[in-house]
1. Please list, by residue number, everything in the range 44-67 whose backbone N is under 17 Å from a paramagnetic label point 7 Å out along Cα→Cβ of Val106.
2. So if each residue of separation counts as 0.36 nm, and I subtract the Cα-Cα distance between Ala81 and Arg46, what length gain in nm does that give?
3. Radius of gyration and Dmax for the range 38-100's Cα atoms, expressed in Å?
4. Using the Karplus curve 6.51 cos²θ - 1.76 cosθ + 1.60 with θ = phi - 60°, what ³J(HN,Hα) values do you get for each residue of the range 29-43, in whole Hz, with x for Gly and Pro?
5. Just to confirm my numbers, what's the Cα centroid distance between the range 50-75 and the range 5-26 in Å?
6. Please list, ordered by chain and number, the residues whose modelled amide H lies under 5 Å from the amide H of Tyr42; skip anything fewer than 5 residues away on the same chain.
7. With a 10 Å Cβ neighbour count serving as the proxy for reagent exposure, in which order, fewest first, do Tyr42, Tyr89, Tyr66 appear?
8. Just need the relative contact order of the range 5-119 here, percent rounded to a whole number, with Cα pairs under 8 Å and 6+ apart.
Amino acid sequence: MIINSKNLKSAFAGFLMGSINGLFGGGGGMVAVPVLKNMLGYDEKRSHATAILIIAPVCALSALVYVIGGSFRADVVIPAAIGSVAGGYIGAKLLGVLPGVAVNIVFIALMFAAGVRMLF
């Protein structure tokens with residue numbers, strides 16, 4: 001691998017996303033999309049798709065740490081995992097057909113709603 005500014009930016013972006021994901025238990029995806037768009041210049045759809053591919057193994061590793069530490073409940077995890085898989089499939093299919101502007105609007109609305117929810 002050749003060390004250049006793009007690779008260094010990508011490595012830093014990955015470190016940032018992984019750190020946020022590990023700290024907040026999956027919140028790295030919300031950081032990944034803006035980082036991929038603004039820092040690495042990806043378009044809207046590619047940012048979302050790449051964020052998922054980056055965050056998936058990080059989530060698996062974080063989950064393993066939480067499982068080993070006993071910080072989960074199977075009665076919650078199993079139904080949520082089933083719903084997440086179904087929702088992930090539908091979301092990925094929608095990403096393929098929705099225009100980038102629509103994806104951006106939905107993403108902004110979700111981030112705004114999450115921010116408002118955290119205030120109350």
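FYI, it's all coordinate maths here, none of it is from the lab. Owing to the predicted nature of the structure, the values given are computational and were not obtained by experimental measurement. When we count neighbours, we look across all protein chains shown, and the Cβ atoms used for this are built from the backbone with ideal geometry, even at glycine.
1. Taking a point 7 Å out along Cα→Cβ of Val106, the residues of the range 44-67 whose backbone N falls under 17 Å are 44-53.
2. 10.1 nm
3. Here Rg and the maximum Cα pair distance are 14.8, 42 Å.
4. With coefficients 6.51, -1.76 and 1.60, one gets x, 5, 8, 4, 4, x, 5, 5, 6, 7, 8, 10, x, 6, 6 Hz.
5. For the range 50-75 versus the range 5-26, the Cα centre distance is 15 Å.
6. For Tyr42, the qualifying residues are Lys37.
7. Tyr89, Tyr66, Tyr42
8. The normalised contact order for the range 5-119 reaches 23 percent.
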